[in-house]
Amino acid sequence: SVCSFSLFGATLRCLRGALCNVLVAKELYSGWTMRFSLDETVPEDFRRLLSGLDAEVVEKDAGASRDRKLCWRFLVASDPEVGRFAVRDCDAGFSLREAVVVGEWLASGRLFHVIRGWHAHTDLMLAGLWGGCAGVLPDMQSLLDRFFAANRTLTPNIDQLFLGRCVWPAVRSSCLVHDRFFDAFEPRRPPMQFFRTRNDHIGSDRSVVDRAWQDKVLRAWTEQCPCLRWP
């Protein structure tokens, strides 16, 4: 099983979030591989750190467009060596409530999983909150190539536009949806006892909702990896 991320550049919230997830995954995603599709724009010391913590690093072309980079993480869906996969954002912190709903999906027998954890999560599929069984969808690289060849829409959420147009129609018939606010597509509610504050949701940025906790988790690592330090 693989958690798949795209990572490019040196944005602090993404670097810190990525490392936090690798560390927390040992408990919340036990047995899963953390896979980062990244390029040379990610600081070298951070790439070495990920590898040293047994994360899987997949080197990609730094010359790719931002839109393409956002979608690197989707390629896991066609990896013949992967069983189950989860696609996530680097800056979205893992949590117990996420582990609980992923566990519900694994037990459900459904092929795919979609989470909408916040009132602003109104897309059919959030780019960093879905998962599935690899090998079920048509070849992901081919889907992406056809989409980008035909697309004329300019949006920062191009990855979610792709999912809504090209992936959702294929997954909706065998998909467990967890939706905290809305009732579309027979959703299940995430267990509310694991929400600590009103702003604390599945997919939330730990550096925003609980920076003190994140600082504590990463304190030992910021000494050896300067790119993780707040200015």
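List of remarks:
- Residues Met140, Met125, ranked from the fewest to the most other C-beta atoms within 10 Å, line up as Met140, Met125.
- Computed over the stretch 2-226, Cα set: Rg, Dmax in Å: 16.8, 48
- For the chain, modelled as a GNM whose springs connect Cα atoms under 10 angstrom apart, the maximal fluctuation among Thr155, Thr11, Thr33 occurs at Thr155.
- Summing Cβ point charges (Lys, Arg +1; Asp, Glu -1) relative to the Cα centre of the stretch 2-226 gives a dipole of roughly 560 debye.
- For a straight C-alpha distance cut-off of 29 angstrom, the lysines reachable from Lys60 (same-chain residues fewer than eight places away being disregarded) are Lys26, Lys69.
- With a Förster radius of 45 Å applied to the beta-carbon distance between Ala212 and Glu81, the computed FRET efficiency rounds to 0.70.
- DSSP H segments from the chain that extend 20 Å or more along their own axis, Cα-based, with Kyte-Doolittle mean of -0.5 or above: 12-28
- Multiplying the residue separation of Arg48 and Ser30 by 0.36 nm and subtracting their alpha-carbon distance yields 4.3 nm.
- Rough spin-label spacing in nm, given labels placed 7 Å along Cα→Cβ, for Ala64 and Asn151: 1.2 nm
- The chain: relative contact order as a whole-number percent, Cα under 8 Å and 6+ apart: 25 percent
Every read-out reported here was derived from the displayed coordinates using simple, explicitly stated rules and does not represent laboratory data. Quick caveat, the model's predicted, so the values are computed rather than measured. For neighbour counting, all protein chains shown are included, and Cβ atoms are generated from backbone atoms with ideal geometry for every residue, glycine included.
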